[in-house]
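*Asks:* Once you've had a glance at the structure underneath, I'll fire off some questions.
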Amino acid sequence: MKVKTSELNGIYVVGLSGKIMGGPESVQFHDAMKQALAGNTKRVIIDLGEVEWMNSSGIGLLVSAYTTLKNAGAEMKLARTTDKIQSLLVITKLNSVFDSHDTVESAVKSFG
Amino acid sequence: MTKPLSTEQLVIPSSVDHIEKVDEFVERFATALGFDRDALADIGICVTELVMNAIVHAHKEKSDLPVQVDVEQHDSGLRVTVRDHGPGFDTETVPDPTSPENLLDDHGRGILIVRAMMDDVQCTRLDDGMQIAFFKRFVPK
Ligand SMILES: Nc1ncnc2c1ncn2[C@@H]1O[C@H](COP(=O)(O)OP(=O)(O)OP(=O)(O)O)[C@@H](O)[C@H]1O
Ligand SMILES: [Mg+2]
């Protein structure tokens with residue numbers, strides 16, 4: 001997994017890529033989230049478009065980011081959710097929890 | 001299950017630093033059998049799921065304990081077996097991660113995902129550990 005962060009109209013965008021399988025690089029994602037919280041960010045988009053696949057470790061990262069942000073009064077949206085990840089969200093019933101968008105632009109627009 | 005057409009084995013120490021090696025090993029074997037990208041993803045997801053469990057839950061990341069991964073080519077598909085030397089567990093009584101009280105837990109979804117994605121999952125509790133195997137069928141073109 002690779003983690004790339006950027007900012008778009010005051011929205012913190014975390015781009016993930018590769019395979020997310022629970023190796024030591026999970027720390028980078030947690031660091032990106034800490035940075036978002038430290039910056040008092042209220043809007044976060046996780047861009048999943050370049051993720052080849054993820055296992056439950058990846059799903060766990062998304063859930064932990066979602067709850068941490070929510071507790072801090074921030075909102076998280078998923079963008080470019082691949083078919084593979086979408087099927088995992090259905091299996092785990094998290095499709096009802098996360099707000100997923102086909103493009104980063106539509107995720108940006110969805111923030112009220 | 002009938003005798004496999006070919007087999008290979010990988011043994012790794014119990015450290016998450018080795019998880020990518022497991023994926024590469026199984027992906028190489030499965031690619032040679034002709035699985036497509038989509039099936040390769042399912043196989044990668046499930047084998048890393050089981051090996052992570054062996055490393056983290058069974059062996060508590062004590063790196064001297066080996067995790068064994070066996071891959072077998074069969075007429076109808078690929079069989080993958082993950083073997084650990086931990087205390088074992090009852091796969092029938094793991095909490096349901098989709099129930100409302102567990103839905104937002106950080107963990108608890110691995111076994112559910114393997115069961116949902118693979119054609120046949122066999123969990124065997126041995127005297128000195130756990131053996132979990134799954135089968136991925138070839139899809140006729
Ligand atoms: N090889 C194993 N040896 C001992 N206990 C295990 C093993 N595999 C799984 N378990 C037990 O079964 C539970 C469920 O495993 P599962 O993979 O579904 O979730 P998890 O590993 O806790 O979290 P996640 O996989 O979502 O990160 C684990 O929490 C652990 O208690
Ligand atoms: Mg697990």
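Every number in this text was worked out from the coordinates using simple rules, so none of it is lab data. Quantities reported herein were computed from a predicted structural model and do not represent experimental measurements. Note: ideal-geometry Cβ built from the backbone for every residue, glycine included; neighbour counts use all protein chains shown.
*Asks:* Could you work out the helix-only [θ] at 222 nm for the protein assembly as shown, with each DSSP H run of four or more residues adding -39,500 (n - 2.57) and the total divided by the number of residues, to the nearest 500 deg cm²/dmol?
*Replies:* Numbers: 7 runs with 84 residues, N = 253.
So the calculated ellipticity at 222 nm is -10500 deg cm²/dmol.
*Asks:* I'd like the trypsin sites (Lys or Arg not before Pro) in the range A:25-80 restricted to DSSP loop residues with at most 15 other Cβ atoms within 10 Å, sorted by number.
*Replies:* Working: sites: A:34, A:42, A:43, A:70, A:77, A:80; in loops: A:42, A:80.
Those satisfying the criteria are A:42.
*Asks:* Another question, then. Please turn the phi angles of the range B:40-46 into ³J(HN,Hα) values with the Karplus equation 6.51 cos²θ - 1.76 cosθ + 1.60 (θ = phi - 60°), one per residue in order, whole Hz, x for glycine and proline.
*Replies:* 4, 5, 4, 5, x, 4, 6
*Asks:* Got a sec to turn the phi values of the range A:46-63 into Karplus ³J(HN,Hα) couplings, 6.51 cos²θ - 1.76 cosθ + 1.60 with θ = phi - 60°, whole Hz, x for Gly and Pro?
*Replies:* 9, 8, 9, x, 9, 7, 6, 6, 9, 9, 4, 4, x, 4, x, 4, 5, 5
*Asks:* For the range B:15-31, just list the computed ³J(HN,Hα) in residue order, Karplus coefficients 6.51, -1.76 and 1.60, θ = phi - 60°, integers in Hz, with x standing in for Gly and Pro.
*Replies:* Using θ = phi - 60°, the values come out as 9, 5, 4, 9, 5, 5, 5, 4, 4, 4, 4, 6, 5, 4, 5, 5, 5 Hz.
*Asks:* Of the DSSP beta bridges with both residues in chain A, give the percent that are antiparallel, rounding to the nearest 5. Each step should come with its number before you reach the end.
*Replies:* Details: 7 of 22 bridges.
Antiparallel: roughly 30 percent of the beta bridges in chain A.
*Asks:* On to the next question. How about residue B:60: which lysines have a C-alpha closer than 27 Å to its C-alpha, ignoring those fewer than 8 places off in the same chain?
*Replies:* A:2, A:19, A:34, B:21
*Asks:* Arrange the following residues from fewest to most other Cβ atoms within 10 Å of their Cβ: A:110, B:14.
*Replies:* Numbers: A:110 15, B:14 22.
The most exposed by this proxy come first: A:110, B:14.
*Asks:* Hey, in the GNM for chain A with a 10 angstrom Cα cutoff, which one of A:49, A:15, A:60 fluctuates hardest?
*Replies:* A:60
*Asks:* Also, I was wondering about something else. With both partners inside the protein assembly as shown, how many of the DSSP beta bridges are antiparallel, as a percent to the nearest 5?
*Replies:* Antiparallel: roughly 70 percent of the beta bridges in the protein assembly as shown.
*Asks:* Dividing the alpha-carbon radius of gyration of the protein assembly as shown by 2.2 N^0.38 Å (N being the number of residues), what value is obtained?
*Replies:* Values: Rg = 18.8 Å, N = 253, 2.2 N^0.38 = 18.0 Å.
Rounded to two decimals, the normalised Rg is 1.05.
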